[in-house]
Amino acid sequence: MANPVTWHKEGRLATITVDNPPVNALSHAVRLGLQTALDALEADDEVAAAILICAGKSFSAGADLREFGSAPMAPAMAEIMRQMDEARLVLVAAIHGLALGGGLETALLCDYRIATPDARLGLPEINLGLIPGGGATQRLPRLIGADPALDMILSGRPVGAEQALADGLLDAVIKGDLRKGAMEFAQAALAKTKGRRRLRDREPTGCETDFAARRLAETKKRRIMAAGHAVRAVEAACQFPFETGLAKEASLFAELKSSPESAALRYLFAAERKVTNPPGLGTPRPVTTSAVIGAGTMGSGVAIALLNAGYQVTLVETTQNALERGVSRIEQTYASMVERGRIDATLRDERIARLSPTLSLAHTAEADLVIECVFEDMGVKQALFAELGPLLGPDAILATNTSALDVNAIAAASGRAQDVVGMHFFSPPNIMRLVEIVDGEATSPNALATAFAVAKRMKKIGVRAGVCDGFIGNRMIGGYLRQANLLLLEGASPEQIDAALREFGMAMGPHQMGDMAGLDIQAAARKRRKAEGKLAPDDRAGIVGDRLVAEGRPGLKAGKGLYRYEPGSREPQADPAVASIIAEEAQKLDINQRDFSDEEIVSRCIMPLINEGARIIEERIALGAQDIDVVYCNGYGFPRWRGGPMFHADAIGANNVLAQIESFRAALDPADWEPAALLRSLAISGGSFADHNRHD
Ligand code: COA
C-alpha cells in the first residue's frame, strides 16, 4: 500500500499530507507516516513550520475503529501526539470536511487551527461509549473552557466552522483554496510569533463548574459510564497539572474501552454499516422521479423523506380533501423545520416545488419508483398493484410500505413481481432512520439494490428482511407485547411494566407505546390474525385491550387508553378506571393477581424478543443477528448501549436465556415459551448469535 503520509518543503514551510481513504482514519500506516514525516522535518533546520492537511472529503474521522479489538501496533497515537507536543516546529492544522475524535485531537496539538467554511469539528466518542483518549479532555478546557468542552464531549455533536471560530476552537476560517490559505496563514504566524503556542502550557478556564452535579445529571440522562467519565476527565483538567490530567484521561479511556457498553455501541456502529450492504444485490436502477400513493401520516412522511433526498415526488390520493390534508401536513412540517432553523426558506421552497399532488393514478406513469402507503388491507393493496403493474414503465420499481402483509401476494397482483419490493418505513418516516427492505420471493437483485440505494440517499438505514407476518421488527414485538398484556391480567400495573422496561433502557414502555400507536390498531391486528387462524379465538392477551377499545379508550388520540391524558398533553397518567377494568377481567378468568418484581417483568418481555429473533435467523428472515439488532435499536427504542436484543442475549449467554425460557415454559402457557432450535443449539455449544450472519 502506498504511504498514506507525504510531505513537501517550500522554504521555511512544510506541508504534511495525509491521504488514507475513505475518512483518513489514524491507522497504523498513518501513525508510522506521521512519525517519519515529523522526524525528517524536525531534523531539517531550514523548516520552521509544518502544515498538517488531509486529502479526500475530510480532514480525519479519528482513530481507526477497525483496529479496536486487535493487538495495539506501535507507534500508538499517544506517541505521535507526544512527538507533536515536543516538536520544535510551529504546527498548523488545515481542516476541511470533518475533524472528528482523534482527528480533532491531532488538530488540538497544533499551535493554530484553520478551516474551510464547510468544516465540522466534533468529539463523537460518547456515541461509542468512550471519551476522547488523545488529550482533548485536557486541552479543550484550556482552549474554550471547561463547560463548553464538556458540552462538546457529552453531546458528541460536531460544530460548524463559524461556531468553532466564535468559540475559539479555530483561529481562522479560510475561504478559497485551503492549502494556499494555510501557507499564507503560516507565513503570517511565523512573522508575528516566535516558537510554539501549545495548549498544554495554558491554564484551564471555567473551573468553577459544579462537576459533581453535572456528573450526576449526565449519568442519569445518558445511562452510560462514559458520561460520568467524561465529566471526571474534564474535572481532572481543572484539578491537576497537565501530565497528571492526561494520565487520568488515559486510565478512564482504558476502562471504557473494555466496558460492555462500549463493545455494544461499537458493534452497532459496524453493524449499521454492514447491514446496509447485504450480499447479492444487483445494480441499482436509476431513480429521479418517484410517486407516493396515499397522503396519510405515512404517505406524507415518506413524501417528505423523498423530497429531502432530492427526488421529484408525485403524491396521489383518492379525494381532494385527503390530498389537501396531506399537502398541508407536508407544508407544516417544512414550516416547522424553517422555524427551528433546520433549513432555510429557499431550501423549503425548492423542496416543496418538487411535489406534484394529484388525484389521478395515471400521473405516476413516468415514476421510476412508486411507494404505496395506502390502508393496510390486502384487497386494497392488491387492487392498487394490479392497476400500477401495466401503468408504470418497464424499469420502474413498485414498493409497498406494508408493515405485516404478505409482500409476495401483493407482488403477484402487479403481474411483475420481479419489480416489487417492500419498503417498510417507521413512523414518522421523515424522522425515523429505519426502513425494512423486504425481499419478496420474486424480487430481482436490481429491484432490491434500488431500494437500498434510495434508502441510503434518504440517509436511512435499510435492513433486508424476508417475507413473513411482521417481517423482523413487528414479528418480534408480538411476543413482547403479548407478555406485557398478559402481565396486566396477572397483577402488574401498566405503570410498573412501563417503568421496569424504561429502567432496562427501552425508550418507552410497551403500554405507553400501545396508547400512542392506538390500541385499536393492535385490536385490528389480533382480529386479522384470529381470522387467519394464527391466534386462538379465546386468546387472553388481547382481552384488556379489546375491552378498552370497546369502552372508547383507544389510546392517546382519544385522551384515554391504558392511561389517561390531560387535554393537549402526551404525558400518561395512571387511571384507576383502568385498574378496575383489568381486575374485573382477571376475576372473570379466575386469575389470582400477584406482585411482580421489575426483574421478572423485564425477563418476561425481553426473552420472547430473543427467542423470536432466534427463529427469524433460523428461517433466514433476517440475514443475521446484527440485522435484528439494527432494527431494534433504530426502530423500537431498544437501548443502544445494550447493542440490541441478540447482542444482549450473547452478553447473558444462550444457556442462561434458555434457562429463563424453560422456567417460564414450566410455569406459564407452554405454547408461548417453546425455545427456538437455534437457541437450544447455542446453549449446548456455547456459541453466540453474533456468529450467525450471512453477510460475509
Ligand atoms: N475508522 C475506520 N473506519 C471508519 C471510521 C473510523 N474512525 N469512520 C468511518 N469509517 C469508515 C466506515 O466504516 C465506512 O466504511 P465502509 O465504506 O467500508 O462501510 C466508511 O468509513 C464511510 O463511513 P460512513 O459512516 O458510511 O460514511 P458517512 O459519510 O455517513 O459518515 C463519518 C462519515 C466519519 C461521519 C462516520 O463514519 C463516523 O461518524 N465515523 C466515526 C467517527 C468516530 O467516532 N471517531 C472517533 C473514533 S474513537
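Please treat every number below as a calculation from the coordinates, not as lab data. Note that the structure is predicted; figures quoted are calculated from it, not measured. No Cβ is skipped: glycine too gets one built from the backbone with ideal geometry, and neighbour counts run over all protein chains shown.
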Kindly rank 456-463, 415-422, 210-217, 561-568 from highest to lowest mean number of other beta carbons found within 10 Å of each residue.
415-422, 456-463, 561-568, 210-217
Computed [θ] at 222 nm, helices only, for the chain once each DSSP H run of length n ≥ 4 contributes -39500 (n - 2.57):
-15000 deg cm²/dmol
Hey, what D do you get for the chain in µm²/s if you plug the Kirkwood alpha-carbon radius into Stokes-Einstein at 4 °C and 1.567 mPa s?
46 µm²/s
Tell me which residues come under 5 Å, amide H to amide H, from Gly555 once H is placed; ignore anything under 5 positions away on its chain.
Leu519, Lys560, Gly561
Using alpha carbon centroids, what distance separates region 80-126 and region 199-260, in Å?
20 Å
Students often check this: by mean Cβ neighbours within 10 Å, which of 466-473, 79-86 ranks highest, and how do the rest follow?
466-473, 79-86
Least to most buried among Thr333, Thr402, by other C-beta atoms within 10 Å and fewest first, runs Thr333, Thr402
Enumerate the amide H contacts of Leu26 below 5 Å, restricted to partners 5 or more residues apart or on another chain; note that Pro and chain-start residues carry no placed amide H.
Gly62, Ala63, Asp64
Please report the spacing between the Cα centers of region 8-67 and region 600-627 in Å, no decimals.
46 Å
Karplus-derived 3J(HN,Hα) from phi for region 676-685 (6.51 cos²θ - 1.76 cosθ + 1.60, θ = phi - 60°), whole Hz, x at Gly and Pro, runs 5, 4, 5, 4, 4, 5, 5, 5, 6, 7
Taking the Cα centre of the chain as origin, work out the dipole magnitude from +1 charges on Lys and Arg Cβ and -1 charges on Asp and Glu Cβ, in debye rounded to 20.
940 debye
Which value, in debye to the nearest 20, describes the size of the charge dipole of region 198-342 about its Cα centre when Lys and Arg Cβ atoms bear +1, Asp and Glu Cβ atoms bear -1, and nothing else is charged?
320 debye
Considering Cα pairs under 8 angstrom that are at least six residues apart, work out the relative contact order of region 40-181 and quote it in whole percent.
24 percent
Around Ala676, under 10 Å between beta carbons, what's the net of Lys plus Arg minus Asp minus Glu among the other residues?
-2
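Net charge within 13 Å of Tyr334 by Cβ-Cβ distance, Lys/Arg positive one each and Asp/Glu negative one each, not counting Tyr334 itself?
+1
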In debye to the nearest 20, the charge dipole size for region 75-222, taken about the Cα centre with +1 at each Lys and Arg Cβ and -1 at each Asp and Glu Cβ, equals 160 debye
What residue among Ala659, Ser569, Pro554 has its Cα farthest toward the positive end of the dipole of region 548-696, where the charges are +1 on Lys, Arg and -1 on Asp, Glu, each on the Cβ?
Ser569
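Report relative contact order for region 206-262 in percent, whole number only (criteria: Cα-Cα under 8 Å, sequence separation at least 6).
That works out to 29 percent.
By count of other Cβ within 10 Å, fewest leading, how are Asp406, Asp201 ordered?
So the ranking, lowest neighbour count to highest, is Asp201, Asp406.
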Karplus-derived 3J(HN,Hα) from phi for region 19-34 (6.51 cos²θ - 1.76 cosθ + 1.60, θ = phi - 60°), whole Hz, x at Gly and Pro, runs 9, 10, x, x, 10, 6, 5, 7, 6, 4, 5, 5, 4, 4, x, 5
Report relative contact order for the chain in percent, whole number only (criteria: Cα-Cα under 8 Å, sequence separation at least 6).
9 percent
Obtain the nm distance between the two label points defined at Ser688 and Gln163 by a simple spin-label model: each point lies 7 Å from its Cα along the Cα-to-C-beta direction.
3.6 nm
What Cys residues in the chain are without a partner cysteine, judged by a Cβ distance under 4.7 Å?
Cys54, Cys110, Cys373, Cys468, Cys605, Cys633
Among Val316, Thr193, Thr402, whose Cα projects farthest towards the positive end of the dipole of the chain, with charges put on the beta-carbon of Lys, Arg (+1) and Asp, Glu (-1)?
Thr193
Listing Asp377, Asp629 by rising number of other beta-carbon atoms within 10 angstrom, fewest first, gives Asp377, Asp629
Kirkwood hydrodynamic radius over Cα pairs of region 309-385, then Stokes diffusion coefficient at 10 °C and 1.306 mPa s, in µm²/s:
113 µm²/s
So for the chain, taking the charge dipole from beta-carbon charges (+1 Lys/Arg, -1 Asp/Glu), which of Gly473, Ala115, Leu268 sits furthest toward the positive end?
Ala115
Just list whichever of Lys381/Lys534; Lys381/Lys527; Lys175/Lys460; Lys57/Lys459 have alpha carbons separated by over 25 Å in the model shown.
Lys175/Lys460
